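Written below as structure tokens is the structure these notes are about.
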Amino acid sequence: MTVRTNLLDFDRVQLAEYLKGIGENSFRAQQLFKWVHQRGIVDFDLMSDLSRPLRAKLSELATISVPAFECENRSGDGTLKWLFPVDNANSVESVFIPEKGRGTLCVSSQAGCALECAFCATGREGFNRNLKVSEIIGQLWLAQNRFPETERTGARLGGSVPSRTVSNVVLMGMGEPLANYDNVVHAVRIMLDDFAYGLSRRRVTVSTSGIVPNIDRLREDCPVSLAVSLHAPNDDLRSEIVPINKKYPIAELMEACKRYTDSSQGLAVAGVKWQRRGSPRDFVTFEYIMLAGVNDQLEHARELISVTRGVPCKFNLIPFNPFNDSGFNRSSERAIRQFQKILIDAGLVTTVRKTRGDDIAGACGQLAGQVENRRTPRKRSVKAVLP
Ligand code: SAH
Ligand code: SF4
């Protein structure tokens, strides 16, 4: 039996190449993209503007296989968490956070993570595998098609595009996106594509613990908003809680952030048009987890001001979200406010993340709790997945 190709694994350029390869007009990629990503139709027979012979050919050779969720949890604050089995051994989670005027989807990029940050539930699990493009973009497809149009909230993108549930995507779920670089870039291109989700690059955020060479590649390949999980102001402390720092220390990371903000403009990639000029919003967001007695003292805040000097940035302080046996505590509200004040007084825009969905273990760093028992523990291998 021949295995049918899952067209959900392709961005539009790849889909056009595939169609050419089977003797079809590559222009059909646009039509197919609209059916799948804008109208949510995955059955070739329903794609009425494709000829019958083409529909028959596609049904024989290809499929559009979207992930199905196994369970859905709804938090008291409206946050939704979906658990997707991606194969017999692994599951991943995505979280949808509805807010007034927008809906943010937090997407996973790997099953597990190899980077072993001390405070992260996903890191505790170790690395299982990279998600395919279809498994990454499938999380967005599902969120968009989960509810009938009438129930949808969020921004309207206008034109013939139906109203959207998801206005923003953050790659802040399970896994390190820049350690699954190629698949993440193809999936992000689909998110930005006007024939698919049409999100602006400012509304798609890649969050990384700091894989420097791939920050540079992202700048060239697909410059979306960048969040960097800094979490400590000096190498001694950062190497302890974010071990990838031993490979890419803070000074190198800061240089990469400067390069990213210098030239994340004026590129044209894969049929996605970028604005010719950047705007003052071209900054990096530094994420900083607040761990009581570890990285939350006032001298840490002062040190942060000095190490990030010269990087166009803003700060987002994340109150630590606890999980079983984490060994850490969340900083007090007072400590967080004092820390924030020091940064603000130095002229740095600094927000404190509202914790959403923690009653369903859907908050940052809590993903993984429910899937432990499905997982096949694998040997951790940082080298295997890093440049
Ligand atoms: N691997 C990427 C993206 C996924 S983690 C990264 O590290 O950036 C998304 C964010 O959640 C990161 O800033 C991460 O440091 C943070 N995080 C991890 N565990 C957390 C926890 N227990 N509480 C609060 N934030 C956490
Ligand atoms: Fe991986 Fe990010 Fe968790 Fe670190 S914080 S272990 S990089 S998912």
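The values are calculated or read from the model by the stated rules, or taken from the named source; none is laboratory data. The model shown is predicted, which means the values in this text are computed figures rather than measured ones. Here the Cβ is made from the backbone with ideal geometry for all residues, glycine too, and neighbour counts use every protein chain on show. Protein only, heavy atoms only, side chains kept; ligands, DNA and RNA dropped before computing areas. Shrake-Rupley method; radii C 1.70, N 1.55, O 1.52, S 1.80 Å.
Across the protein chains, with a 1.4 Å probe defining accessible surface, the residues K20, K314 rank K20, K314 from largest area downward.
If the chain between K314 and S65 were fully stretched, how many nm would it gain, using 0.36 nm times the residue separation less the Cα-Cα distance?
Additional length available on full extension: 85.8 nm.
For the pair R337 and D77, a Förster radius of 25 Å applied to the C-beta separation gives a FRET efficiency near 0.70, rounded to the nearest 0.05.
Rolling a 1.4 angstrom probe over the protein heavy atoms, how many square angstrom per residue are accessible across the stretch 1-102?
Details: 5140 Å² over 102 residues.
Value for the stretch 1-102: 50 Å² per residue.
Each residue of the stretch 1-59 gets 87 Å³ once the volume of the Cα convex hull is shared out per residue. Estimated at 0.36 nm per residue, the fully extended path between E240 and R353 surpasses their Cα-Cα distance by 38.3 nm.
Descending by average beta-carbon neighbour count within 10 Å, the peptides 198-204, 209-215 line up as 209-215, 198-204, the highest first. Over all directions, the projected convex hull of the C-alpha atoms in the stretch 165-268 averages 6.8 nm² in area. Across the stretch 1-101, counting alpha-carbon atoms alone, Rg and Dmax equal 16.9, 52 Å.
The distance from the alpha carbon centre of the stretch 6-26 to that of the stretch 61-110 is 26 Å, rounded to a whole number. Spin-label model, S26/E99: points 7 Å from Cα along the beta carbon direction are separated by 4.0 nm.
The distance from the alpha carbon centre of the stretch 125-139 to that of the stretch 172-244 is 15 Å, rounded to a whole number.
With a Förster radius of 25 Å applied to the C-beta separation of A346 and K247, the computed FRET efficiency comes to 0.30.
Can you spot the aspartates and glutamates whose alpha carbon is less than 14 Å from K246's alpha carbon? Ignore those fewer than 8 places along the same chain. Partners within reach: E116, D235, D236.
Per q in 0.15 Å⁻¹, report the Debye log10 I(q)/I(0) for the stretch 61-131, using one uniform scatterer on each alpha carbon and no solvent. Debye output, listed in q order: -0.62.
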